[in-house]
Amino acid sequence: MRSDTPRTDQFPIDPEVRLKADTTPDRSVRLQPDDVVIFLGAATIESAADGVAAEIAALLSSGADVRDRDTGVVRPVKPADIAVVFRSRDSHREYEAALDRRGVPTYVYKGLGFFEADEIQDAISLLRFLASPTSNLRAAAFLRSRIVRLSEAAVIELRTNLPGALVDAERPPAMERLDAEDRAVLERVRAAIPGWLATVDRVTPSELLDGILRETAYAYELRGPRRAQARENLKKLRGLVRKVENRGYATLSRIAEFLDDLAVGDESNAVLDAHDAVSLMTVHAAKGLEFPIVFVVNINRGTGGPRAPIRVLADGYGTPSVSIGDFESEADEDATARDREETKRLLYVAVTRARDRLYLGAVVKDGVFKPGRGSLGEVLPPAIRARFAASGFSRTSA
């Protein structure tokens, strides 16, 4: 408002008007100003993930206060009130594993690692092996899956003929050199495989998958905090397979090829309402969402490698521009500026997802915060970067 604007040009307020006293019990005393923004530093990505998981577990066990997203009433925090946000989609597994070790349920939000999930890799390794039981690589992947659980040492011992160890009528001599547990595991799967192969052409691939997972009691492998997400992922995989089956004649080989092609793309995790789980998601997936507590982690992890030695870019007028080596053209400068502005927008989205408390986490090596190319940390002011270095591989408050 301009300084010469008349004071009457305002919403009229009667001095006698008073707001009704708030009778809601005041449980917000623990929401201290110093705890609104917290910086977490660690020496490695593994220790950073472990520190974040420890902080989340402490928040949940202590019943830290947050404002309910729907009512605004202060109440103890629940897992669903917390989100862990990443710049890129290849960063979540360390955090998921760290939370799992502490028994904290997690939900990997859409766009993160459907084909990287253990249960999906197990199911696909089964289908790929049955589609081509003479493949040494496919046999190795199947033997190491949680459906079989043969040890790495046993796979190495059998490496000269892994398919034969599974399908040959005679036991391979190398079996005698395995320990008792590996021998028992291999005997069981050798006894089951002839029946599985006999039904490959008699039932649909989805029916074959369901039958084998039931026979092997694979549901036991889904126990733990990720159980609901794992079940939904397997349900989605069945849906993908049935979608191909409904198009016409679908052999197991065609299904395996279809899944291989699909894994190259950006398939999302099965959608699951995270009613009682910590959400793991990318910044892009977090757009439009809010959480009482947000951890923006791996903030100095970059998304791009070194520049290409030869670059062909269009300038602001659409004219092609060629840059070689260290030479930087105007088009290079424009592209760098655009990338930086996009990173700023993503940083704004990330930090504004938090309603009550924001954590910023980074890897700090030898007391130095070094942002990677394309990272959110690359656009942070120097004063903020210094906070991570000052955290001393622990936490500091803003």
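The values are calculated or read from the model by the stated rules, or taken from the named source; none is laboratory data. The structure presented is a predicted model; accordingly, all values stated were derived computationally and were not measured. Protein only, heavy atoms only, side chains kept; ligands, DNA and RNA dropped before computing areas. Shrake-Rupley method; radii C 1.70, N 1.55, O 1.52, S 1.80 Å.
Tabulated data for the structure shown
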| quantity | calculated |
| --- | --- |
| Residues of the stretch 132-273: accessible area per residue with a 1.4 Å probe, Å² | 56 Å² |
| Fraction of accessible area attributable to carbon and sulfur, the stretch 120-235 (%, probe 1.4 Å) | 50 percent |
| For the stretch 35-74: accessible area per residue (Å², 1.4 Å) | 40 Å² |
| Prolate/oblate/rounded label for the stretch 179-268 (Cα gyration tensor, a/c 1.5) | oblate |
